[in-house]
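Everything on this sheet refers to the single structure shown next.
The values are calculated or read from the model by the stated rules, or taken from the named source; none is laboratory data. Keep in mind it's a predicted model, so treat the numbers as computed, not measured. Cβ atoms come from the backbone with ideal geometry, glycine included; neighbour counts cover every protein chain shown. Note: accessible area is taken over every heavy atom of the protein model, side chains too, but ligands, DNA and RNA are not part of it. Shrake-Rupley method; radii C 1.70, N 1.55, O 1.52, S 1.80 Å.
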Amino acid sequence: MRKELINFIRDKFKNEGFIPLHVPVFKGNEKSFLEECIDSTFVSSVGEYVNLFEDTLSKITQTKKTTAVVNGTAALQVALRLVGVKKDDEVITQALTFVATANAIIYNNAQPIFLDVDIDTMGLSPQAVNDFLEEFGDVREDGCYNKKTGRKIAACMPMHTFGFPVHLDELLEVCNKWNIPVVEDAAESLGSEYKGKPTGGFGEVGAISFNGNKIVTCGGGGAILTNNVELGEKAKFLTTTAKQPHSYEYVHNELGYNFRMPNLNAALACAQLEQLHSFLANKRSLAVDYHLFFKEKGVNFRTETANTKANYWLMCVELNDKKERDLFLKTTNESGVMTRPIWQLMFKSPMYENCQRDNQKNALYLEERIVNIPSSVR
Ligand SMILES: *Cc1c(COP(=O)(O)O)cnc(C)c1O
């Protein structure tokens, strides 16, 4: 299977050299928008491309207010603060994620609680969240508290792994029941849909990344999404140093951040967003071909779950066990076809080893079996 796969991938990417996991494609208006941006001299923190980017992304994600920021991690950090996460609070999330999800919690001086994922979505399991809260949750006037630690559980942050949406209806129902706001880590899922609606707009606040390896990139960048206009305005305020509006005086009454996205990056982002639709179609056609190939070989290529549309950001297969996975990784990488195991679970990192967590049954299962395969737009 592995030899055939390598040939299959070389054929799909028409490339006999090294084939990376995911590379950006700049075949639209990138150069002309960048040139226009430089000519305007507005290359820094304000400019027409920032505004255009925010409006375009609001339309794409069907959310009321978008704030462009420097990267996805900063977007997550501020998103958590916006829903009220404070020092010594706790935030429920998954251990099977990229480290930025957990780091954004610590940046708010809060602590993560790691709960299990579902096998089908690879994202936070509504059942696991409910089970945990049945045991430890205590709903009070001002929110939900953890009976074990006495701390407030100030947010729940699911992550749509590789662009596969989590079971949002069920998760939102559980979080509503326990009075916990949801922050969506939609860093990987721009263009994915749940029951016909784009991810990123389901929680109180959502965050998207435009890093170089994501489906759409602007070099580095992120966005904070929300349907709550007041929170949206607060997002802009906090990420632009929290300066009181005034034409020449500089007055700050609150700790803000310099997290704004430069106009130069926004120009690149605008050109990339114009191509999102074609990128999605291109990736979907590769996913269809992969699916057929792996089906014949009896390998589980991950496809979208019922009622969802995945953006197929990073495509992946589930191998039978760790031994088979290791052999797969070795053969492909040694042949110049890049493949990569899913992330090590967060609580295995020293910074997170003492965080509260459940049994992680599904996360541990997936950690040993899931491998990403080349997924670039061709
Ligand atoms: C990429 C990513 C981020 C962070 O985005 P950056 O723009 O790289 O800071 C956060 N969460 C997840 C799940 C990601 O994949």
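Points 7 angstrom from Cα along the Cβ direction at Lys330 and Glu230: gap in nanometres?
Once both label points are built, they end up 5.9 nm from each other.
Carbon-plus-sulfur fraction of the accessible area of segment 1-104, 1.4 Å probe, in percent? Can you show the working numbers first?
Values: 2770 of 5110 Å².
For segment 1-104, the apolar C and S fraction of the accessible surface comes to 54 percent.
Check segment 229-378 and count each lysine pair with an alpha-carbon distance under 17 angstrom, considering only pairs eight or more places apart or from different chains.
Close lysine pairs under the 17 Å cut-off: 5.
How much space per residue, in cubic angstrom, does the convex hull of the C-alpha atoms of segment 16-149 take up?
It is 193 Å³ per residue.
Taking θ as phi - 60°, what are the ³J(HN,Hα) couplings along segment 218-234 by the Karplus curve (6.51, -1.76, 1.60), each to the nearest whole Hz, with x for Gly and Pro?
Here the 3J(HN,Hα) series is 10, x, x, x, x, 8, 9, 10, 7, 9, 8, 4, 5, 5, x, 5, 5 Hz.
Listed highest first by mean packing, meaning other Cβ atoms within 10 Å per residue, what order do 263-275, 170-182, 39-51 come in?
Highest mean packing first, the order is 263-275, 170-182, 39-51.
Suppose we keep just the alpha-carbon trace of segment 230-280; what are its Rg and Dmax in angstrom?
Rg, Dmax (Cα atoms, Å): 15.3, 46.
Taking the radius of gyration and the Kirkwood hydrodynamic radius from Cα positions alone, what is the Rg/Rh ratio for segment 207-247, to two decimal places?
The Rg/Rh ratio comes out at 1.10.
Place +1 on the Cβ of every Lys and Arg and -1 on the Cβ of every Asp and Glu in the chain, take the dipole about the Cα centre, and give the residue among Ile373, Phe98, Asn228 whose Cα lies farthest towards its positive end.
Checking the options against the dipole of the chain, the answer is Ile373.
In sequence order, what are the phi-derived ³J(HN,Hα) couplings for segment 134-140 according to the Karplus relation 6.51 cos²θ - 1.76 cosθ + 1.60 with θ = phi - 60°, rounded to whole Hz, with x for glycine and proline?
Taking θ as phi minus 60°, the curve returns 4, 7, 10, x, 9, 7, 10 Hz for segment 134-140.
Could you give the length gained by full extension between Gln62 and Ala281, i.e. 0.36 nm per residue of separation minus their alpha carbon distance, to one decimal place? Walk me through the numbers before you get to the answer.
Values: separation 219, 0.36 × 219 = 78.84 nm, distance 1.97 nm.
Contour length minus Cα-Cα distance gives 76.9 nm.
Report, to the nearest whole %, how much of the accessible area of segment 115-248 belongs to carbon and sulfur atoms, 1.4 Å probe, protein only.
On the way: 2160 of 4730 Å².
Taking all protein chains in place, segment 115-248 shows 46 percent carbon and sulfur surface.
Given a cut-off of under 8 Å on Cα pairs at least six residues apart, what relative contact order in percent is computed for segment 155-225?
It rounds to 27 percent for segment 155-225.
At 222 nm, what value in deg cm²/dmol follows for the chain if DSSP H runs of at least 4 each add -39500 (n - 2.57) and the sum is divided by all its residues, to the nearest 500?
-11500 deg cm²/dmol
Mean shadow of segment 241-318, computed from the convex hull of its alpha carbons, in nm²?
9.4
With 13 Å as the cut-off, how large is the P(r) tail for segment 312-378, expressed as percent of Cα-Cα pairs?
Within segment 312-378, distances greater than 13 Å cover 68 percent of Cα pairs.
How much accessible area per residue does segment 55-190 have, counting only protein heavy atoms and a probe of 1.4 Å, in square angstrom?
34
Taking only protein heavy atoms and a 1.4 Å probe, what accessible area per residue, in Å², does segment 268-378 have with all protein chains in place?
Values: 5050 Å² over 111 residues.
Ligands and nucleic acids excluded, the result is 46 Å² per residue.
Mind computing the radius of gyration and Dmax over the alpha-carbon atoms of the chain? Å is fine for both.
Values for the chain (Cα only, Rg and Dmax): 20.9, 68 Å.
Mind listing the phi-derived Karplus ³J(HN,Hα) values for segment 204-210, rounded to whole Hz, using 6.51, -1.76 and 1.60 with θ = phi - 60°, and x for any glycine or proline?
So the Karplus estimates, Gly and Pro as x, are 4, 9, x, 10, 10, 10, 10 Hz.
Under a point-charge model restricted to the Cβ atoms of Lys and Arg (+1) and Asp and Glu (-1), what is the dipole moment magnitude of segment 174-311 relative to its Cα centre, in debye to the nearest 20?
Charge dipole of segment 174-311: 360 debye, to the nearest 20.
Can you send over the carbon and sulfur percentage of the accessible area for segment 271-353, probe radius 1.4 Å, protein chains only?
About 52 percent, which is the carbon plus sulfur part of the accessible surface.
Any idea what % of Cα-Cα pairs in segment 185-291 are farther than 17 Å?
64
Can you give the translational diffusion coefficient of segment 75-163 in µm²/s, computed by Stokes-Einstein from the Kirkwood radius over Cα pairs at 10 °C and 1.306 mPa s? Don't skip to the answer; put the middle values down first.
Numbers: Rh = 13.2 Å.
Stokes-Einstein gives a translational diffusion coefficient of 121 µm²/s.
Using only the alpha carbons of segment 111-245, what is the convex hull's orientation-averaged projected area in square nanometres?
Result: a mean projected hull area of 9.8 nm².
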